1. Checking the structure you have, find out if any residue of the stretch 86-104 is hydroxyl-bearing (Ser, Thr, Tyr) and either at pLDDT 95 or above or farther than 30 Å from LYS123 by Cα (or both).
2. Might you check whether a residue that is open to solvent by 60 Å² or more (accessible area, probe 1.4 Å) and touching a residue at least 60 places away in the same chain (Cβ under 8 Å) occurs anywhere in the stretch 77-97?
3. Within the stretch 25-58, count every residue that is among the aromatic types (Phe, Trp, Tyr) and assigned to a helix (DSSP H, G or I).
4. Output the number of residues of the stretch 27-41 satisfying the condition of being surrounded by fewer than 21 Cβ atoms within 10 Å (Cβ to Cβ) and in contact with an Asp or Glu (Cβ under 7 Å, 6 or more places away or on another chain).
Amino acid sequence: MIASGAYNYINVLEKACDASWTRNSLISNNIANVDTPGYKRKDLRFEEYLGNAVSLGTSLDEEIANVDLDTLTGTTYTDYGMVSYRLDGNNVDIDTESAELAKNQIKYYTMLDSVSQEFSRLKMVVQK
């Protein structure tokens, strides 16, 4: 985390990338345990925390500047929903997990690209 107002977006994107990386690990673990009896899928709750931290009020710049990065972390949870795809209690659906993995990877690489673009903008400003 970089402690400067110029890096507010980058810091928030860093937190989002960390959450996405964690979600990737959780989804991979779900896929690895698709045949484990009684296994319950795990996921990460982050987007709602980010949405609460950035309420899109008057100015996005102000909202991002006021985000408390120490509290902006994801929470891992176990899905104990009543849906179970098999008689052994496992609730992992391989097709859903594969789609979520692909979606999460796209998000992750998009955020990395955004971080790269922010640094390119800062570099351009410094050079002029």
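1. Yes: one or more hits.
2. There is at least one residue in the stretch 77-97 that is open to solvent by 60 Å² or more (accessible area, probe 1.4 Å) and touching a residue at least 60 places away in the same chain (Cβ under 8 Å).
3. Total meeting the criteria: 1.
4. The total comes to 4.
The values are calculated or read from the model by the stated rules, or taken from the named source; none is laboratory data. Keep in mind the model is a prediction, meaning the values are calculated, not measured. Cβ atoms come from the backbone with ideal geometry, glycine included; neighbour counts cover every protein chain shown. All accessible areas refer to the heavy atoms of the entire protein, side chains included, with ligands and DNA or RNA removed. Shrake-Rupley method; radii C 1.70, N 1.55, O 1.52, S 1.80 Å.
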